[in-house]
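This report refers to the structure that appears directly beneath it.
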Amino acid sequence: MALTSALCSAVATILIQRGLRRSNFYAGFWINVLVGVIGLWSAVFLFVPREAYSWRAVPYFVLSGALGTTGGRLFRVIAIEKVGAPVAASIGNLTPLMSTGLAILLLGEHVTLPIVMGTLVIVFGTLLLSQSGRHVGFAPRQLVYPFVSASCFAVVAIIRKLGLFHAGPLFGSAVNMAAAMITSTTFVLATGNWGALRCDRRSLLYFAGAGACENTGVLLFLMALGLGEVSVVTPLAGVAPLFVLLLARLFPGAAGKVGWRVVVGAVLIVLGVFLLTGWR
């Protein structure tokens with residue numbers, strides 16, 4: 001399930017890249033969230049009994065949706081547009097590192113040798129991705145977009161962990177996405193970009209497909225966590241950047257240019273995540 005989750009995330013990344021060719025990140029971001037709301041609440045109504053609805057968990061998931069999911073998905077789509085799918089997926093894989101840092105600061109967890117080693121490997125991989133920018137057509141400063149996205153998802157992980165003490169993952173994720181839908185719509189309206197949500201049929205299909213894949217991947221990841229150990233599931237789910245690289249090779253032009261720095265940087269980041277989460 002964890003590997004399938006990683007594959008879903010990779011496919012979603014490639015589909016977003018394709019949709020952005022004929023549209024913009026506002027449409028990609030909003031449609032992605034809309035598909036998540038429809039899919040998750042449909043699953044809740046079908047599979048979650050009413051007595052399992054826990055309103056004590058709502059504030060946690062509303063906060064994670066408003067602050068984390070909205071920002072995370074928005075900046076993820078922008079990152080794919082600015083730096084390309086492989087680089088965006090690789091930097092986005094830093095979420096476990098950031099979650100670990102937040103856990104150390106907020107929950108008092110201890111720094112271990114694997115954390116130090118994993119951090120160093122990830123930093124080196126990130127430096128390679130930064131250097132790849134001049135070869136594949138983006139400025140190193142544009143890496144701020146995937147970094148912000150990863151930070152938002154890291155915050156979501158911490159808040160969602162608190163919410164899961166009161167409700168199941170499916171109900172919590174649905175509340176999370178509903179809050180993200182309200183926040184994202186408010187953002188689009190407030191910035192005067194409602195007209196930017198218009199896109200042609202091909203882009204709509206790409207964005208809708210990406211939303212379906214991404215939210216399926218999230219559900220599979222949560223199901224995998226329910227069946228296996230976090231230390232096993234997280235590294236397996238973290239190989240999404242490698243799937244993105246494979247898809248980029250299978251479908252030339254789907255994800256832009258892929259140089260050796262991008263490949264090595266992505267592999268190092270995946271290895272760093274494994275060191276952080278697989279040796280505890």
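The values are calculated or read from the model by the stated rules, or taken from the named source; none is laboratory data. None of these values were measured; they are calculated from a predicted model. Here the Cβ positions follow ideal geometry from the backbone for every residue, glycine too, while neighbour counts run over all protein chains shown. Surface areas here come from the heavy atoms of the whole protein model, side chains and all, with no ligands, DNA or RNA. Shrake-Rupley method; radii C 1.70, N 1.55, O 1.52, S 1.80 Å.
Give me the one-decimal nm value for the distance between modelled label points at Asn193 and Arg50, 7 Å along each residue's Cα-to-Cβ direction.
4.0 nm
Leaving ligands, DNA and RNA out of it, work out the accessible area of Met1 with a 1.4 Å probe and give it in Å² to the nearest 10.
100 Å²
Over all pairs of distinct alpha carbons, what does the Kirkwood formula give as the hydrodynamic radius of region 1-101, in Å?
For region 1-101, the Kirkwood estimate is 15.3 Å.
What does the accessible area of Thr185 come to, in Å² to the nearest 10, when a probe of 1.4 Å is used?
Per-residue accessible area (Thr185): approximately 30 Å².
So what's the net charge close to Ser151: Lys and Arg +1, Asp and Glu -1, counting the other residues with Cβ under 14 Å from its Cβ?
Once positives and negatives cancel, what remains is +2.
On a 1.4 Å probe surface of the protein chains, which of Phe47, Phe187 comes out largest in accessible area, and what is the full order?
Phe47, Phe187
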